[in-house]
Amino acid sequence: MSRRTKIVATIGPASDSPEVLRSLIDAGVNVFRLGTAHDTVDRVLERVAAIRSAAEDRKANVGILVDLAGPKVRAGFGDEPVELVEGSTVTITGGEGISDSHNIIVNVEDIAKNLMPGDVLHMGDGSATLIVSEVSLTQATALVERGGVMRGRPGVHIPSSRLSTSSPTKEDIEYFDAVVDANVDMVAVSFVKTARDVRALAAEPPPKGPLIIAKIETQAAVDNLDSILEYCGGVMVARGDLGLECSLATLPALQKKIIAAGVQAGKPVITATQMLESMTSNSQPTRAEVTDVANAVFDGTSAVMLSGETAVGHDPVLVVQTMAEILNEAEKEFDHERWSERIEALTDIEVQPNDRRRVALAMRSAAQRAAYELDSRVIVCVTGTGATARAISRYRPKAEIIAVAPTDDVLGQLALSWGVLPMVDSAEGEGTERILGVLEHLRDQGLVKQGELIPVVAGASNSALVSNVLRIENVP
């Protein structure tokens, strides 16, 4: 049985060579993440091309996720490390330039307008902590409460309710337009506060447009989670900034809440930040990290994300291999039946008696129940957009979901969905002929065995507007 929880790996200097990309695919990466905070549009597009080349070489289906930076406040340091000494005083100003141990320059010109005395600022995901003591029209003064070493462009966390800029930024939209033209599979929006931030990108619905992933990393996003889920294609539990915005003690409960809400809505959920952080420099994870990853699996997450571990770590391939091993072991203890019962008990959406979505809901639920009763090894889903496969995935069935889709666009987006193995097939014909043809193709590829009894969800034909057929068929 293949691994159900997907692996998202961030690409950076340690992992963007063709050789390493191919090895990462072999190790089990399902989705590659490209950040935009530190790279130009051209560099991001070069990496998109390199990933596609590596995937083609390996004949693998992998998704590409571009992560928009959003209105992140960043300090500008050079390549050499700079120590912020505990107990020292620093000034904070906006503009361009290189910061030092006494003067911190951030990328927000009117930074002083966003600060108040008493504000606690975290730098580099909490590596250092500053407390603002004075604010003038042009700068702020702060005490270094906890020291740390800075380099590059570390983030400076300011309470999201105070920050004057919103997401997506002008730069985000420029990146978005470029990567949509490059046909990337998914785009993550940072520092989402409301559904309006997701809708501001005005993206075409998937699969024509990318799957929009809302990063839940502010208190406002937690408060508006239900409405955000209505308009996004998936969510990310961005634990770095979320743990700074909310208290660390509440983070595990928030993680469970966000994952549960995403799965209930039928949207993929990524759990991110410091999953195997120690492996950035070490060859083994800590016991706490292993437990953290396993608990994310038990929570029902669709995917786990590696950040610095694969972007700048000493052995990105080993990290992915280790993550895959942990996921495989955790999934052996996953309670599929309990998850299915829980989702069955929840109301999906309110629909009118003549709404065709009633048919779709019935098909998705019946497919997972049939697989359970028949103890089927797989569920076959013939889908035009990927929506039906994602909806079945929310039940977390024990059976693997083979999603047969007409285009590569759908495959790349389904690479993020729990338990889904995407395959390309034109699925020509109608009715029984169509379903048997799909099963024959899957049999020829060794994905199903002759004589197996398999639930198949499909439309009556390629022109069907909804999956309205459930057949239990023996593989010919």
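Every number here is computed from the coordinates shown, using simple stated rules; none is lab data. This structure is a prediction, so every number in the text was calculated from the model and none was measured. Positions of Cβ are generated from backbone atoms using ideal geometry, with glycine treated the same way; all protein chains shown enter the neighbour counts.
Structural remarks
- P(r), alpha carbons of segment 82-157 - 5 Å bins starting at zero, rounded %: 4, 18, 32, 29, 15, 2
- The magnitude of the dipole of segment 82-157, with charges of +1 and -1 set on the Cβ of Lys/Arg and Asp/Glu and taken from the Cα centre, is near 100 debye.
- Total charge dipole magnitude, segment 116-243, about the Cα centre, Cβ charges on Lys, Arg, Asp, Glu only, Debye to nearest 20: 220 debye
- For Arg199, net neighbour charge (Lys/Arg +1, Asp/Glu -1) across residues whose Cβ lies under 13 Å away: -1
- Directionally averaged shadow of segment 46-107, computed from the convex hull of its alpha-carbon atoms, nm²: 6.8 nm²
- DSSP bridge orientation in the chain - percent antiparallel, rounded to nearest 5: 40 percent
- Loop sites in segment 17-89: GluC sites (Glu not before Pro), DSSP, at most 15 other Cβ within 10 Å: Glu86
- Estimated FRET transfer efficiency when R0 is 60 angstrom, pair Ala362-Asn282 (beta carbons, to 0.05): 0.75
- For segment 167-212: rounded, prolate or oblate by the Cα gyration tensor [a/c cutoff 1.5]: oblate
- Ellipticity at 222 nm from helices only: DSSP H runs of n ≥ 4 in the chain, each -39500 (n - 2.57), divided by the residue count, give -10500 deg cm²/dmol.
- Among residues other than Thr93 with Cβ under 15 Å from its Cβ, the summed charge is -3 (Lys and Arg +1, Asp and Glu -1).
- Dipole of the chain [Lys/Arg +1, Asp/Glu -1 at C-beta], most positive-end residue of Thr250, Ile98, Ser161: Thr250
- Angle in degrees between helix 316-331 and the longest Cα principal axis of the chain, rounded to the nearest 10: 50 degrees
- Environment charge of Gly76, counting only residues whose C-beta is closer than 14 Å and scoring Lys/Arg +1, Asp/Glu -1: -1
- Net dipole in debye of the chain [+1 Lys, Arg Cβ; -1 Asp, Glu Cβ; about Cα centre; nearest 20]: 1140 debye
- Computed log₁₀ I(q)/I(0) - Debye formula, equal Cα scatterers, no solvent, the chain, q 0.05, 0.08, 0.14 Å⁻¹: -0.19, -0.49, -1.38
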